[in-house]
């Protein structure tokens, strides 16, 4: 049995909202179970926390500020509620399993059939699904969004 430290934080973003049950069913079909969930409208602060690598890149180019893509992405994330969930897999390697199931961007040549982003791409350039790639990142998101076992 996988440890709770291998729980994966996932987000079904606004483009996937109408498909959230199908996306959860897809995860379940690959052995994942939802252990906690909440609906939440993401703020710009939430977006910065959810996508820290974007802001790390901006800090590396200290004179740059987020461009129109990022502003539009933040607006998109706040346009409707998103399903925030913590999912668990019964075997080790849950984050690697979720990365494989998530798939590449739906607008990439690497996006493969059978992945969440291929099967449920969303109607816009902003995809419908996000997951954390590492346990420490997942734990931080669970604390930020108050989806911990003790919350």
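The values are calculated or read from the model by the stated rules, or taken from the named source; none is laboratory data. Here the structure is a predicted model, which is why all the values come from computation and not from measurement. No Cβ is skipped: glycine too gets one built from the backbone with ideal geometry, and neighbour counts run over all protein chains shown.
Where residues in the stretch 109-123 are surrounded by 12 or more Cβ atoms within 10 Å (Cβ to Cβ) and assigned to a loop (DSSP other than H, G, I, E, B), which of them is modelled with the lowest pLDDT?
Among those that are surrounded by 12 or more Cβ atoms within 10 Å (Cβ to Cβ) and assigned to a loop (DSSP other than H, G, I, E, B), it is 122.
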Checklist outcome for this item: Residue hits (the stretch 67-89; surrounded by fewer than 13 Cβ atoms within 10 Å (Cβ to Cβ) and either at pLDDT 95 or above or not in a loop (DSSP other than H, G, I, E, B) (or both)) are 68, 69, 71, 75
Item to check | Output for the stretch 87-99, where each listed residue is over 14 Å from residue 28 (Cβ atoms) and either in contact (Cβ under 8 Å) with a residue 60 or more places away in the chain or touching a strand residue (DSSP E or B) at 6+ places or on another chain (Cβ under 9 Å) (or both) | outcome: 91, 92, 93, 95, 99
